Amino acid sequence: MKNIAILGSTGSIGQQTLQVVRQHPDKFKVIAISARQNIDLLISQAREFKPKYVAVTDDSLDFYRLKTELDALDIELLTGFDSLNVIASLPEIDMVVTAIVGFSGLLPTISAILAGKNIALANKETLVVAGELVMKLAAERNVKILPVDSEHSAIFQSIVGEKHQFIEKIYLTASGGPFRGMKTHQLSSITKEQALNHPNWKMGNKITIDSATLMNKGLEAIEARWLFDLHPEQIDIVIHPQSIIHSLVQFIDGSIKAQMGLPDMRLPIQYALTYPQRLENDFPRFDFLKYPQLTFEQPDLETFKALKLALQALKQGGNMPCVLNAANEVAVHAFLSNQIGFLDIADIVEQTLNSVEFVSYPSLDDYIECDRLARQFAEEYVKQVKR
Ligand code: NDP
Ligand code: MG
């Protein structure tokens, strides 16, 4: 029996993690769950999974109803952002699923590592911002970081049993998003609704916009660099619209291993929870006859400038991925609240990258300061677009 805490249980990854748990009640016990503000769903999850702790981070909420419900179930309620650090380091927990969005995932992940908990890592922004520091800390504490992101799970599954020195390079596959094949002039009038309509995956809003701009693939390249200890030149991106091959590893003899399956996040989530075991489930199986063609294309870095900027930040290293991430979070939020246009997202990220000074070996405090400063610049550029 594995005891788990889920940071962000009401989100897309959080809910699918609970679906995996539901299939294997004898293998997993949910000890703690959390949300920012979705109290209704949190209450229904608490009733079903009976965790010991429930955490809510949005301090402005009225907790009365939640507290009454949880008291009746004998569940302890924790509130405020620090509650995530608390549930990530509970003594009775074996593994933490980090399924919250953005830079906010960094400190709770560090708390979990310091407490020696293995991590099922969905929150890619943690490794984008501070991958070197986080992986070093995990190695020191003998903590496993198991990828939930489907591409990274594919790479991870492909290198099980292989020596690191035999990896020549990896290919991260990308669906291309809803605007694949379009040119810049066609993207200027894209609405939020169009950008939220992803062809293959149903995900939270922030990552869905990142998938439409292709920033997501850039964030994943940075995530892969740290997760698998690769040089930036060893990471390539290929557009694969069917999202069946989830990524590939090429070895020094030219042999390639790929991991395939239907686009269903429950598979990588389950693998992260059960590694090195595999468990049976009743999820739908791949049917070759429904996919007579798997196709591949070059990414268009001119139209999808966000990806180009992310790959540049990957090469530059230091605090640049942190700046990129912060600016992107601000810009995506502004796009989702109808303050800026689709193409403004990458422009704001570019302007912010040009505004923050380079730091080659940032400390944790440097990252926190860099995130704050980059957000300030990005907010200013959002205001300029609105004017
Ligand atoms: P969602 O927006 O669907 O869910 C986010 C969850 O985190 C919710 O429970 C939300 O609470 C909570 N949350 C959001 N922001 C904060 C915050 N600042 N502080 C505390 N809690 C917060 O996101 P996804 O599940 O789509 O994504 C989660 C992470 O996983 C992201 O980093 C994403 O990039 C990554 N990922 C997601 C994939 C997917 O298929 N969805 C695939 C690969 C990676 P509430 O519901 O109350 O708002
Ligand atoms: Mg992914």
Checklist line | Members of the range 45-60 found to be small (Gly, Ala, Ser) and either farther than 13 Å from Asp74 by Cα or surrounded by fewer than 21 Cβ atoms within 10 Å (Cβ to Cβ) (or both), listed by number | finding: Ala55, Ser60
Note to self: Regarding the range 160-176, can at least one residue be identified that is modelled with pLDDT under 95 and more than 23 Å from Arg278 (Cβ to Cβ)?
What the structure shows: no
Next item on the list: Give the residues of the range 186-200 that are open to solvent by less than 40 Å² (accessible area, probe 1.4 Å) and either within 16 Å of ligand 1 (Cβ to nearest atom) or not in a loop (DSSP other than H, G, I, E, B) (or both), sorted by residue number.
Entry: Leu187, Ala195, His198
Check: Could you give every pair whose Cβ atoms fall below 8 Å, whose first residue belongs to the range 104-127 and is within 16 Å of ligand 2 (Cβ to nearest atom), and whose second residue is modelled with pLDDT under 95 and not β-branched (Val, Ile, Thr), counting only separations of at least 6 or pairs across chains?
Finding: none
Check: Tally time: how many residues in the range 25-63 are touching a strand residue (DSSP E or B) at 6+ places or on another chain (Cβ under 6 Å) and either in a helix (DSSP H, G or I) or without any contact (Cβ under 8 Å) to a residue 24 or more places away in the chain (or both)?
Finding: 4
Check: Limited to the range 182-218, what total is found for residues that are under 14 Å from His240 (Cβ atoms) and in contact (Cβ under 8 Å) with a residue 60 or more places away in the chain?
Finding: 4
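Just one of Gly204, Gly181 is modelled with pLDDT of 95 or more, over 22 Å from Gln293 (Cβ atoms) and either surrounded by fewer than 20 Cβ atoms within 10 Å (Cβ to Cβ) or touching a Phe, Trp or Tyr at 6+ places or on another chain (Cβ under 9 Å) (or both); which is it? Steps first, answer last, please.
Numbers: Gly181 fails: over 22 Å from Gln293 (Cβ atoms).
When all the criteria are applied, what remains is Gly204.
Matching residues to (1) open to solvent by less than 10 Å² (accessible area, probe 1.4 Å); (2) in contact with a helix residue (DSSP H, G or I) (Cβ under 6 Å, 6 or more places away or on another chain); (3) away from ligand 1 (no atom under 14 Å from the Cβ); (4) under 18 Å from Leu78 (Cβ atoms):
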| position | (1), (2), (3), (4) |
| --- | --- |
| Ile13 | no, no, no, no |
| Thr17 | yes, yes, no, no |
| Gln23 | no, no, yes, no |
| Lys27 | no, no, yes, no |
| Gln37 | no, no, no, yes |
| Asp40 | no, no, no, no |
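Residue-by-condition table, conditions (1) open to solvent by 10 Å² or more (accessible area, probe 1.4 Å); (2) in contact with a strand residue (DSSP E or B) (Cβ under 8 Å, 6 or more places away or on another chain); (3) among the small types (Gly, Ala, Ser):
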| position | (1), (2), (3) |
| --- | --- |
| Gln298 | yes, yes, no |
| Leu301 | yes, no, no |
| Gln312 | yes, no, no |
| Gly318 | yes, no, yes |
| Ala327 | no, no, yes |
| His333 | yes, no, no |
| Gln339 | yes, no, no |
Next item on the list: Answer yes or no: is there a residue in the range 64-76 that is surrounded by 19 or more Cβ atoms within 10 Å (Cβ to Cβ) and touching a strand residue (DSSP E or B) at 6+ places or on another chain (Cβ under 6 Å).
Entry: yes
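The values are calculated or read from the model by the stated rules, or taken from the named source; none is laboratory data. Remember, predicted model here, so these are calculated numbers, not experimental data. As a convention, Cβ positions derive from the backbone with ideal geometry for all residues, glycine included, and neighbour counts pool all protein chains shown. To get the accessible areas, we keep the full protein, side chains included, count just its heavy atoms, and leave off ligands, DNA and RNA. Shrake-Rupley method; radii C 1.70, N 1.55, O 1.52, S 1.80 Å.
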